[in-house]
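One structure is given here, and the rest of the page talks about it.
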Amino acid sequence: MTTTSLPAHVPVSDADPFAPDVLEDPAPLHEELREAGPVVFLSRYGAYALARYAHVHAALVDWQSFPSGAGVGLSNFRHETPWRKPSLLLETDPPRHDAPRVVLERVLSPRALRRLREQWAADAHLLVDELLRRVAGTGEFDAVPSLAQAFPLRVFPDAVGLPQEGRENLLPYGDHLFNAFGPPNELVARGNPHIGRLAAWVDAQCAREVLAPGGFGAQIWAASDRGDITPQQAPLVVRSLLSAGVDTTVHGLAAILHAFAANPEQWRRVRAEPRLLRVAFDEAVRWESPVQTFFRTAQGDVPLPGTVVPDGEKILMFLGAANRDPRRWERPDEFDLTRDPSGHVGFGMGIHQCVGQHVARLEAESVLTALLERVETIELAGAPVRHHNNTLRAWESIPVRVRVS
């Protein structure tokens, strides 16, 4: 698609959503796109952009017009060969999507997770107690490695049934995976020399004989034994856990820790009303949007306000922009526990909505409950540092200072 063939009334932007300055602070571009119109053409990538909440939400739930099967990144699987086998959850549509989705929903359901609640709560208390003893003199630590990364990497691989060796590969593998949804820029080039080794390790962990009995992975293989999915699908469903089950939770946990440290009055509020804890996590996901963007591909000529997107063209949905759209949210740039954040698109929406969101919520609840019992105040102790990723809104470092109650 070229700009010369566009209808004259479609706004055109030459902005690069994946440029370092935009990844550092996407808010100005998000506002520019929202105000430009319901649909904007991104001339650098030949893609249509949706940044307003109503249109992003509508595209997410309309998988027939905006399917995922041609890839949820810039690459168009109609014309390009993906660098790995497509995800059965993210990058397929019904009917291929249905059986794997049902299996994973059952394995990760709130009811299934109840058996982990007590153990994860104990693990979180142990981690927080160890951390607070270590920093007893100053009360200062980096919340990213100490909590946001440490807890998911402590409990989730165990729940899946992974062996201990090699778990350090999970974060760099996921980082490259989400970078690869964007253009082949410097972030992708940085990971290319390592991705063969990392992908081989991840694929090896998906084999039946590697996974511990009783874990999520073994349950997925048991579903293949029952005929719910095929033996060929089973390792790809396990891989979905390892591809998206760690990074997104790490960055969601980092988002809420940063939200509280940057807004210490909200920490005081949740300490006074612990029932707000679950609201707090969803508000942090809305406010920060750890997953910033996903692509879809037009199936047929798709009418959108003011234009028609031609068949096969890529559509870039700005989840982060939608979650701060003032047309949907009052004071959208504020982290506010009096808000009802339900309806945010931070976990997606529709049939491709994040199947692991209950896992992320339980991990966040476990860590924050342990902190609430021990930490009276939390505040920033220095300037946080962003970690740039083509898809994720992530933190490299969040220096915080706490006072123990």
Only residues that are open to solvent by 30 Å² or more (accessible area, probe 1.4 Å), assigned to a helix (DSSP H, G or I) and either under 13 Å from Val102 (Cα atoms) or of a type in the set (Ser, Thr, Tyr) (or both): list them for the range 207-236, please.
Gln219
Cβ pairs under 6 Å, 6+ apart, first in the range 95-110 and within 18 Å of Gly215 (Cβ to Cβ) and open to solvent by less than 30 Å² (accessible area, probe 1.4 Å), second outside any helix (DSSP H, G or I) and among the small types (Gly, Ala, Ser):
Leu108/Gly356
Only one of these is in contact (Cβ under 8 Å) with a residue 60 or more places away in the chain, part of a loop (DSSP other than H, G, I, E, B) and under 22 Å from Gln353 (Cβ atoms): Phe18, Phe66. Name it.
Phe66
Cβ pairs under 7 Å, 6+ apart or interchain, first in the range 295-310 and in a strand (DSSP E or B), second β-branched (Val, Ile, Thr) and surrounded by fewer than 18 Cβ atoms within 10 Å (Cβ to Cβ), ordered by first then second residue, are Val302/Val308
Would you call Arg115 among the basic types (Lys, Arg), over 20 Å from Val345 (Cβ atoms), over 21 Å from the mean Cα position of the chain (by Cα) and open to solvent by 20 Å² or more (accessible area, probe 1.4 Å)?
yes
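Yes or no, residue by residue, for (1) out of contact with any Cys (no Cβ under 8 Å at 6 or more places or on another chain); (2) in contact (Cβ under 8 Å) with a residue 40 or more places away in the chain; (3) closer than 21 Å to Pro145 by Cα:
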site: Ala207; (1), (2), (3): yes, no, no
site: Pro231; (1), (2), (3): yes, no, no
site: Leu253; (1), (2), (3): yes, yes, yes
site: Ala259; (1), (2), (3): yes, yes, yes
site: Glu265; (1), (2), (3): yes, no, no
site: Leu276; (1), (2), (3): yes, yes, no
site: Phe281; (1), (2), (3): yes, yes, yes
site: Glu288; (1), (2), (3): yes, yes, yes
Every residue from the range 161-176 that is farther than 11 Å from Val246 by Cβ, part of a loop (DSSP other than H, G, I, E, B) and not small (Gly, Ala, Ser)
Pro163, Gln164, Glu165
All positions within the range 381-400 that are surrounded by fewer than 17 Cβ atoms within 10 Å (Cβ to Cβ), of a type in the set (A, V, I, L, M, F, W, C) and assigned to a strand (DSSP E or B)
Val385
For the range 122-178, enumerate the residues that are of a type in the set (Asp, Glu) and surrounded by 15 or more Cβ atoms within 10 Å (Cβ to Cβ).
Asp123, Asp142, Asp158, Asp175
Which members of the range 237-280 meet the condition of being in contact with a Lys or Arg (Cβ under 8 Å, 6 or more places away or on another chain), open to solvent by 10 Å² or more (accessible area, probe 1.4 Å) and at pLDDT 95 or above?
His251
Go through the residues of the range 132-146 one by one and say whether even a single one is among the hydrophobic types (A, V, I, L, M, F, W, C), more than 23 Å from the chain's Cα centre (by Cα) and part of a helix (DSSP H, G or I).
yes
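The values are calculated or read from the model by the stated rules, or taken from the named source; none is laboratory data. All values derive from a computational prediction rather than experimental measurement. Reconstructed Cβ throughout: ideal geometry from the backbone, glycine too, with neighbour counts over all protein chains shown. Calculation scope for accessible area: heavy atoms of the full protein, side chains included, ligands and nucleic acids excluded. Shrake-Rupley method; radii C 1.70, N 1.55, O 1.52, S 1.80 Å.
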